[in-house]
1. Using protein chains only and a probe of 1.4 angstrom, how many square angstrom of Ser7 are accessible, to the nearest 10?
2. Ordering Asp89, Asp72, Asp61 from largest to smallest accessible area (1.4 angstrom probe), what's the sequence?
3. Given Cβ point charges of +1 (Lys, Arg) and -1 (Asp, Glu) and nothing else, what value in debye, to the nearest 20, does the dipole of the stretch 29-121 about its Cα centre take?
4. What aspartates and glutamates does Lys86 reach when the alpha-carbon gap must be under 18 Å and sequence neighbours fewer than 8 apart in one chain are set aside?
5. Could you rank Glu6, Glu13 by how accessible they are, 1.4 Å probe, largest area first?
6. Accessible surface of Glu101 in the full protein assembly, 1.4 angstrom probe, to the nearest 10 Å²?
7. If you build the convex hull over the alpha carbons only and average its shadow over all orientations, what do you get for the chain? Give it in nm² to one decimal.
8. Need one number: % antiparallel among DSSP beta bridges in the chain, to the nearest 5.
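The values are calculated or read from the model by the stated rules, or taken from the named source; none is laboratory data. Computed from a predicted structure; not experimentally measured. Positions of Cβ are backbone-derived with ideal geometry, glycine not excepted, and every protein chain shown enters the neighbour counts. The accessibility values were calculated without ligands, DNA or RNA, using every heavy atom of the protein model including side chains. Shrake-Rupley method; radii C 1.70, N 1.55, O 1.52, S 1.80 Å.
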Amino acid sequence: QVQLVESGGGLVEAGGSLRVSCVVSGSILSINAMGWYRQAPGKQRELVAHITSGGTTNYADSVKGRFTISRDNAKNTVYLQMNSLKPEDTAVYYCHADLQEFVRSPYKAYWGQGTQVTVSS
């Protein structure tokens, strides 16, 4: 059974930094793209950052220059380093991975349970 477990969220003052991590475990043959999404109260879930298996990254305009996504393929882990945090970054952050469990099985999307990031003004 595949699991995505996030960690590293918390409370930080505006201008501060946090790093969230997500470990993928279970029956995994291959992981394609990985990413971070966030959902603030009353808002839709939105893409924050995305990284392909080859390391190509993509960011939401609102976090460009402040957030950095990276991955360690040997550890099946994706990270999001968040600097210069703003109160509007407050949200639940969800890890996402497109992965293949078995030979000839299709790639499927999996989600973590989310980790709360709160930025105080």
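1. Surface accessible to solvent at Ser7 totals approximately 60 Å².
2. Values: Asp89 0, Asp72 45, Asp61 125 Å².
Highest to lowest solvent-accessible surface, that is Asp61, Asp72, Asp89.
3. 20 debye
4. Glu13, Glu46, Asp61
5. Descending accessible area places them as Glu13, Glu6.
6. Glu101 exposes around 40 Å² with every protein chain in place.
7. 7.3 nm²
8. 90 percent
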